[in-house]
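Take a look at the structure below.
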Amino acid sequence: QVQLVESGGGLVQAGGSLRLSCVASGRGFRSYFMGWFRQAPGKEREFVAAVTWSTGSSLRASSVKDRFTISRDNARNTVYLEMRSLKPEDTAVYYCAAARTEYALEYASGYDYWGQGTQVTVSS
């Protein structure tokens, strides 16, 4: 129903920046809450940030609040994750996701649709 396509990942040196993009489409996608998660090998999928289309109200994990910013551009149907001061510990596959409700935005189980993921690798 909702399709999500991430892009913008790549290889970056520690201290550098990347901007990830998630283009949303499909029936009713503007009714969903949007989130970013990341998953490193052998680790659980971890909440990063979430945003609403309607107001741009955002939520960020405390671990990234000082370095990452989530935003949306409604005209482009796109959600962004701006990542600054990147650390090797940020290395992971980053996923865009869409949730029907706001009840569990900090948990992967709270989301209904997922993108394919984009790899972010931070070298030391």
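The values are calculated or read from the model by the stated rules, or taken from the named source; none is laboratory data. For clarity, every value in this text was computed on a predicted model and none was experimentally measured. Glycine gets a Cβ as well: all are built from the backbone with ideal geometry, and neighbour counts include every protein chain shown. The accessibility values were calculated without ligands, DNA or RNA, using every heavy atom of the protein model including side chains. Shrake-Rupley method; radii C 1.70, N 1.55, O 1.52, S 1.80 Å.
Solvent-accessible surface of protein heavy atoms, probed at 1.4 angstrom with all chains present, puts ASP66, ASP112, ASP90, ASP73 in the order ASP66, ASP112, ASP73, ASP90, largest first. Label positions at LEU11 and SER63, each projected 7 Å from the Cα along the C-beta direction, are separated by 2.5 nm. Global size of region 40-124: 12.9, 38 Å for Rg and Dmax (C-alpha atoms, Rg to one decimal, Dmax whole).
Here region 1-43 is treated as an ellipsoid with the same Cα gyration tensor; its semi-axes, largest first and in whole Å, are 26, 13, 9. Legend: residues VAL51, VAL5, sorted from most to least accessible area (1.4 Å probe; ligands, DNA and RNA excluded), read VAL5, VAL51. Sites listed here are GluC sites (Glu not before Pro) in region 1-83 whose DSSP assignment is loop and whose Cβ has at most 10 other Cβ atoms within 10 Å: GLU44. Computed from the C-beta positions of TYR103 and ARG19 and an R0 of 35 Å, the FRET efficiency is 0.75 to the nearest 0.05. Can you check what the net charge comes to around SER124, using other residues whose Cβ is under 14 Å from the Cβ of SER124 (Lys, Arg +1; Asp, Glu -1)? Local net charge: -1.
Give, as ranges by residue number, the residues of region 97-119 whose backbone N falls under 19 Å from the point 7 Å along Cα→Cβ of ARG27. From region 97-119, the list is 98-101, 112-114.
At 1.4 Å probe radius, can you tell me the per residue accessible area of region 1-67 in Å²?
Heavy-atom accessible area per residue stands at 54 Å².
Of the listed residues TYR94, TYR80, the order by accessible area with a 1.4 Å probe, largest first, is TYR80, TYR94. Only Cα sites of region 1-96 enter the Debye sum here, all with the same form factor; the resulting log10 I(q)/I(0) across q = 0.16 1/Å is -0.64, listed in q order.
Just the number, please: carbon plus sulfur as a percent of the accessible area of the chain, 1.4 Å probe, no ligands or DNA/RNA counted.
Taking all protein chains in place, the chain shows 45 percent carbon and sulfur surface.
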